[in-house]
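Chemist: Starting off with a structure, shown below.
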């Protein structure tokens, strides 16, 4: 087994799982709910996606050869405005993830110990990937929380529902 190849595949799987969780949130919400925020200092799901899109484009474009904080990125603008439709939100979501997977799918084990830079700070490729896995999971968690608040009892649980742990465990053991 090649540990480098295994790591790349594991990281891709983590990104895929994170993306799927976000998509399960988005599938339950209307455009109005995606644009909702509790007050002006909190982010709507649309703003979170706008930020993720900007981050993904910046970090994963020329990942191995240029600083992950591109000079043409306007991070502050990612937290202003929104989208005109749910379709536009989904297009930005999908485009952002395309940047991630396009790069991840060409990484080799030899790349993993190379140095890349984010805001001038040196990282191994592994460190940079782990940083992004953590960052994206944090924001997907925010999306889940907002979705649960908005949907209340209509929320379709994305993991094991409360009170169903033993049922889930027994079901897993019997298969």
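Chemist: With 5 Å bins from zero, work out the P(r) of the range 78-129 over every alpha carbon pair and list the percent per bin.
Modeler: All Cα pairs, binned at 5 Å, distribute as 4, 16, 17, 18, 15, 12, 11, 6, 1 percent.
Chemist: Using a Gaussian network for the chain with springs between C-alpha atoms less than 10 Å apart, which of these wobbles most: 139, 53, 123?
Modeler: 123
Chemist: If I take R0 = 30 Å and measure r between the Cβ atoms of residue 6 and residue 91 in this structure, what FRET efficiency does the formula 1/(1 + (r/R0)^6) give, to the nearest 0.05? Walk me through the numbers on the way to the answer.
Modeler: On the way: r = 33 Å, r/R0 = 1.10.
Efficiency computed from Cβ-Cβ geometry: 0.35.
Chemist: To one decimal place, what orientation-averaged projected area in nm² is obtained for the convex hull of the Cα set of the chain?
Modeler: If I average the Cα hull's projected area over directions, I get 12.5 nm².
Chemist: Then there is this: In a Gaussian network model over the chain where Cα atoms closer than 10 Å are linked, find which of 118, 160, 71 has the largest mean-square fluctuation.
Modeler: 160
Chemist: Using r as the Cβ-Cβ distance of residue 138 and residue 32, and R0 as 25 Å, what FRET efficiency do you calculate, to the nearest 0.05?
Modeler: Rounded to the nearest 0.05, the efficiency is 0.55.
Chemist: What value, in deg cm²/dmol to 500, does the helix sum -39500 (n - 2.57) over DSSP H runs of n ≥ 4 give at 222 nm once divided by the residues of the chain?
Modeler: On the way: 6 runs with 103 residues, N = 175.
Dividing the helical sum by the residues of the chain leaves -20000 deg cm²/dmol.
Chemist: What distance in nm separates the simple spin-label points at residue 17 and residue 167, each placed 7 Å from Cα in the Cβ direction?
Modeler: 2.3
Chemist: Now for a separate question. Efficiency by 1/(1 + (r/R0)^6): what FRET value for residue 70 and residue 24, r their Cβ-Cβ distance, R0 = 30 Å, to the nearest 0.05?
Modeler: On the way: r = 30 Å, r/R0 = 1.00.
Result of the calculation: an efficiency of 0.50.
A short reminder: the numbers here are calculations on the coordinates, not readings from a lab. Since we're looking at a predicted model, the values are computed, not measured. Reconstructed Cβ throughout: ideal geometry from the backbone, glycine too, with neighbour counts over all protein chains shown.
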